[in-house]
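Participant: Before anything else, here's the structure in question.
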Amino acid sequence: MVTFPLKTSKENAAISPLFGKAKYFAFYDGVELKVEENPYKKGSELINWFLEKKVDTVVIQEMGTKPFEKISNSKLKVLFAGEGRVTTQEIVKKILNNELEELTTEQLEQIVKKHKGEKSESSCHSTNHDNKKNCHKKMKAQHKYVFI
């Protein structure tokens, strides 16, 4: 069974980059896709829920430290959904075609760093905001979906 976080419960919802705070999770057994509301407030609590539901694979975009630690101590396989907006149908197709990359511990650690705010140079948070206006202009130019 595979699970991944969703932003909404709508058909073909986008995957949520907020793993632990996702409002919903999709559960896919290779045939049927079910969406359930997230009953927990923290990502670390989700891991036990997944194990109870016989989940063996988790698909993510980002993850915090505590769920990372829990996953690292479990037998769950972690796959990377990809960057940007990824829909439920795209994830299911990639699962069926075996196109999702399994993340190594090192790659997971990099995702956790990104989640914690250790941003790239294209991020507003990578500067000290001495020149906030230029920082935001640069972000808009680099990322067409930034509205600041």
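The values are calculated or read from the model by the stated rules, or taken from the named source; none is laboratory data. Quick caveat: nothing in here was measured; it's all calculated off a predicted structure. A quick note on method: Cβ atoms are made from the backbone with ideal geometry, for glycine too, and the neighbour counts reach across all protein chains shown.
Participant: Give the residues of region 75-91 that are touching a strand residue (DSSP E or B) at 6+ places or on another chain (Cβ under 7 Å) and loosely packed, with under 14 Cβ neighbours inside 10 Å, sorted by residue number.
Facilitator: Residue satisfying the conditions is 85 alone.
Participant: Is it the case that some residue within region 52-65 is closer than 20 Å to residue 104 by Cα and among the acidic types (Asp, Glu)?
Facilitator: Yes, some residue in region 52-65 is closer than 20 Å to residue 104 by Cα and among the acidic types (Asp, Glu).
Participant: Report those strands (runs of 3 or more DSSP E) wholly inside region 32-111 carrying at least 2 residues which are modelled with pLDDT of 90 or more and of a type in the set (Asp, Glu).
Facilitator: Where strands (runs of 3 or more DSSP E) fall fully within region 32-111 and carry at least 2 residues being modelled with pLDDT of 90 or more and of a type in the set (Asp, Glu), they are 33-37.
Participant: Where the second residue is surrounded by fewer than 14 Cβ atoms within 10 Å (Cβ to Cβ) and the first is more than 15 Å from residue 21 (Cβ to Cβ) and lies in region 32-44, which pairs have Cβ atoms under 8 Å and are six or more apart or on separate chains?
Facilitator: From region 32-44, the pairs are 35/9.
Participant: Looking at (1) of a type in the set (Ser, Thr, Tyr); (2) modelled with pLDDT of 85 or more; (3) not assigned by TED's automatic domain parsing to the domain that holds residue 19, which one does residue 123 not meet, given that it meets all the others?
Facilitator: Every condition holds for residue 123 apart from (2).
Participant: Next question. Mind checking which residues of region 36-59 are of a type in the set (A, V, I, L, M) and surrounded by 17 or more Cβ atoms within 10 Å (Cβ to Cβ)?
Facilitator: Residues satisfying the conditions are 46, 47, 55, 58, 59.
Participant: Might you check whether a residue that is surrounded by fewer than 20 Cβ atoms within 10 Å (Cβ to Cβ), under 12 Å from the mean Cα position of the chain (by Cα) and not aromatic (Phe, Trp, Tyr) occurs anywhere in region 60-74?
Facilitator: Yes, some residue in region 60-74 is surrounded by fewer than 20 Cβ atoms within 10 Å (Cβ to Cβ), under 12 Å from the mean Cα position of the chain (by Cα) and not aromatic (Phe, Trp, Tyr).
Participant: Residues in region 58-71: is at least one under 22 Å from residue 114 (Cβ atoms), touching a residue at least 12 places away in the same chain (Cβ under 8 Å), of a type in the set (Gly, Ala, Ser) and assigned by TED's automatic domain parsing to the domain that holds residue 111?
Facilitator: yes
Participant: Go over the candidates 78, 92, 55 one by one and state the one that is in contact (Cβ under 8 Å) with a residue 60 or more places away in the chain, out of contact with any Gly (no Cβ under 7 Å at 6 or more places or on another chain) and aliphatic (A, V, I, L, M).
Facilitator: Going through 78, 92, 55 in turn, the sole match is 92.
Participant: Take the conditions within 16 Å of residue 103 (Cβ to Cβ) and touching a Leu at 6+ places or on another chain (Cβ under 6 Å) and apply them to residue 2. Does it pass?
Facilitator: No.
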